[in-house]
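Below is one structure, written out as structure tokens, with a few remarks after it.
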Amino acid sequence: MKGLSGLRGRLLRTYLLLIVFGLSIFVFRYGWITQDSLVTELEQEQELHAFIISNALEDSVGKYIDGELPLEGVKHLADQLATGVDARLTLLDARGNAVYDTGVDPATVPNQWQQVEVQTALAGSEQHDIRVDPLSGDERLFVAAPIQQEGHEFGLVQLSIPTTQMWNDIRQAWLALLGTALAVILATILVSLWLAKSILGPIAALRRAAVRMAAGDLEQRIAPGGGDELGQLGQAFNLMAARLQHMIEQQSDFVANASHELRTPLTTIKLRVEALLGGARHDEAIADRFLSEIEGEVNRLSTLIDGLLALSHVESRPDTLRMDKVDLSFLLGEAVATFWPRAEATNVTLTLNVAPQVPAVKASAPQIRQVVDNLLDNALKYTSSGGIITVSCRPLNEQVAVSVTDNGQGISTADLPYIFERFYRADKARSRSGGPGGSGLGLSIVHSIIAAHNGQVSVDSQEGKGTTVRFTLPVYSEDADGEHEAVTQE
């Protein structure tokens with residue numbers, strides 16, 4: 001790892017960016033809420049004080065207006081009440097003129113009639129205002145409450161306090177929030193560094209293993225990790241490495257087998273041509289036999305190449321198969337009709353057994369026809385005269401099952417696990433000596449095509465009693481495939 005310039009640095013910067021962004025939103029939102037709460041709390045407190053003082057002064061102010069109490073008595077009570085709430089108290093008459101002020105000479109107090117809190121108090125409600133006091137020059141919070149008795153307003157009580165302490169409290173709240181945010185950011189840095197190290201350790205090991213694999217060391221594996229995503233990534237890497245190694249081995253075997261299969265007919269052709277060129281062409285019987293053998297080997301080569309091309313197309317480009325709505329009953333009927341003359345010529349009974357109301361399947365009709373043709377070809381090769389081959393089709397849950405059953409020579413238990421491998425032939429000697437054996441690609445093609453259709457293929461066989469090959473295909477669904485398509489019959 002290269003400091004903070006690599007993945008570790010990007011992880012750290014990403015975590016920091018997310019945390020700082022989230023904390024910024026939280027700090028500013030919570031800070032403003034806290035600030036509004038502190039201001040509102042102070043305002044409500046002073047409004048309550050003003051209301052209590054106005055009620056406490058009602059009787060005294062009423063007696064003063066009636067001439068029963070001198071102004072000094074009202075002033076004395078106002079001083080006591082103002083001291084109790086630690087605020088400057090101003091008594092205003094109903095026109096907003098200052099009658100008494102506990103902090104300054106009332107003569108210097110300008111008329112308060114137009115002030116927000118005064119107008120609101122006269123309207124019977126509570127309000128506040130924060131403004132600079134022209135007398136003291138400092139910012140103060142002003143509240144007011146009416147002094148009234150039996151609906152008659154005698155005047156107003158105006159309270160004011162400096163906002164210095166309020167802003168100090170707000171500043172302390174902001175500092176506490178910022179301090180908490182910085183502590184969280186510091187903790188995030190430490191946790192991010194640890195997390196980056198714990199994450200990048202396995203990733204670095206994975207990178208080293210991948211580089212070695214790219215250099216040709218296919219034995220590379222990752223040590224088992226935990227059950228988290230990194231552990232699962234290591235397991236996926238090991239599985240990929242194992243499959244890649246298997247695929248390369250398969251490819252090597254495939255090349256060797258293909259070379260061998262191609263070499264055998266080419267050698268035969270070469271020997272026959274050399275014999276003909278050496279004089280055998282002058283013997284009509286030998287020339288005809290050699291030419292017939294050359295034709296057979298050419299046909300074998302053609303079949304082999306067609307099989308290889310089919311395998312390559314299905315396995316390398318399965319997503320290019322055009323899936324349509326296919327009527328299996330019609331397709332199987334065509335296939336059976338095609339193979340009927342061959343079956344009749346070898347005295348084999350070929351029958352078709354289709355269950356009623358078999359649903360259409362989602363498939364590539366040419367590919368499925370090739371599957372059926374391969375299975376029928378195999379069945380006819382390994383079924384003796386007087387044998388029976390049955391092609392069946394029936395619904396099976398959300399699929400359609402097709403089977404080709406014969407009572408021919410069957411497959412040995414030892415050979416069954418390998419019959420879908422390329423070039424594998426259960427009777428190699430017979431297939432290479434002119435018997436019914438093929439190229440060993442037929443069942444491999446069947447397996448690949450059915451797998452590309454998301455179906456399943458299986459084989460049941462007993463040596464000397466016959467073989468059944470089954471495959472399934474998904475039922476066609478118009479809901480899944482959109483608009484209705486015509487049933488494919490070609």
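The values are calculated or read from the model by the stated rules, or taken from the named source; none is laboratory data. Being a predicted model, the structure only gives us computed values, none of them experimental. Here Cβ is always computed from backbone atoms with ideal geometry, including for glycine, and neighbour counts include all displayed protein chains.
Of note:
- Options Asp93, Asp133, Asp101, Asp86: the member that is under 21 Å from Thr164 (Cβ atoms) and in contact (Cβ under 8 Å) with a residue 60 or more places away in the chain: Asp86
- Looking across Glu72, Glu126, one residue alone is surrounded by fewer than 13 Cβ atoms within 10 Å (Cβ to Cβ) and out of contact with any Leu (no Cβ under 7 Å at 6 or more places or on another chain). It is Glu72.
- Residues in segment 372-388 that are surrounded by 22 or more Cβ atoms within 10 Å (Cβ to Cβ) and in contact with a Phe, Trp or Tyr (Cβ under 7 Å, 6 or more places away or on another chain): Leu376 alone.
- Residues satisfying the stated conditions in segment 440-464, i.e. of a type outside the set (Val, Ile, Thr) and either assigned to a helix (DSSP H, G or I) or crowded, with 16+ Cβ neighbours inside 10 Å (or both): Gly440, Leu441, Gly442, Leu443, Ser444, His447, Ser448, Ala451, Ala452, His453, Gly455, Ser461
- Contacts under 6 angstrom Cβ, first residue in segment 154-176 being closer than 20 Å to Asp86 by Cβ, partner among the hydroxyl-bearing types (Ser, Thr, Tyr) and modelled with pLDDT of 90 or more, 6 or more apart: Gln158/Thr90
- Answer from Gln149, Gln172 - the residue that is within 30 Å of Gln44 (Cβ to Cβ) and touching a Gly at 6+ places or on another chain (Cβ under 7 Å): Gln149
- Answer from Leu81, Leu57, Leu92, Leu42 - the residue that is part of a strand (DSSP E or B), in contact with a strand residue (DSSP E or B) (Cβ under 8 Å, 6 or more places away or on another chain) and in the same structural domain as Leu159 (by TED's automatic domain parsing): Leu92
- Selection status of Gln399, under 20 Å from Val354 (Cβ atoms), surrounded by fewer than 21 Cβ atoms within 10 Å (Cβ to Cβ) and at pLDDT below 85: no
- Residue in segment 278-285 that is under 30 Å from Thr351 (Cα atoms), crowded, with 16+ Cβ neighbours inside 10 Å and at pLDDT 75 or above present: no
- Test set (1) over 15 Å from Glu43 (Cβ atoms); (2) surrounded by fewer than 16 Cβ atoms within 10 Å (Cβ to Cβ); (3) at pLDDT below 90 - Asp105 fails condition number: (3)
- Residue count for segment 107-130, restricted to those that are in a helix (DSSP H, G or I), over 15 Å from Thr90 (Cβ atoms) and charged (D, E, K, R): 0.
Each row is one residue, and each column tells you yes or no for (1) at pLDDT below 80; (2) among the hydrophobic types (A, V, I, L, M, F, W, C).
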site: Trp174; (1), (2): no, yes
site: Leu178; (1), (2): no, yes
site: Trp194; (1), (2): yes, yes
site: Lys197; (1), (2): yes, no
site: Ile203; (1), (2): yes, yes
site: Ala214; (1), (2): no, yes
site: Asp217; (1), (2): no, no
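- Taking the numbered list (1) out of contact with any Pro (no Cβ under 9 Å at 6 or more places or on another chain); (2) under 18 Å from Gln148 (Cα atoms) in turn, Pro70 passes all entries but (2).
- Of the residues making up segment 369-397, those that are farther than 20 Å from Leu443 by Cβ and outside any strand (DSSP E or B) are Ser384, Ser385, Gly386, Asn397.
- Scanning segment 138-181 for residues that are in a helix (DSSP H, G or I) and either surrounded by 21 or more Cβ atoms within 10 Å (Cβ to Cβ) or at positive phi (or both) yields nothing.
- Within segment 318-361, tally of residues that are assigned to a loop (DSSP other than H, G, I, E, B), surrounded by 12 or more Cβ atoms within 10 Å (Cβ to Cβ) and in contact (Cβ under 8 Å) with a residue 40 or more places away in the chain: 8
- Applying a threshold of 6 Å to beta carbon distances and a minimum spacing of six or more residues, or different chains, the list of pairs starting in segment 399-424 at a residue that is farther than 23 Å from Thr346 by Cβ and ending at one that is surrounded by fewer than 19 Cβ atoms within 10 Å (Cβ to Cβ) and of a type in the set (S, T, N, Q) reads Phe423/Asn257.
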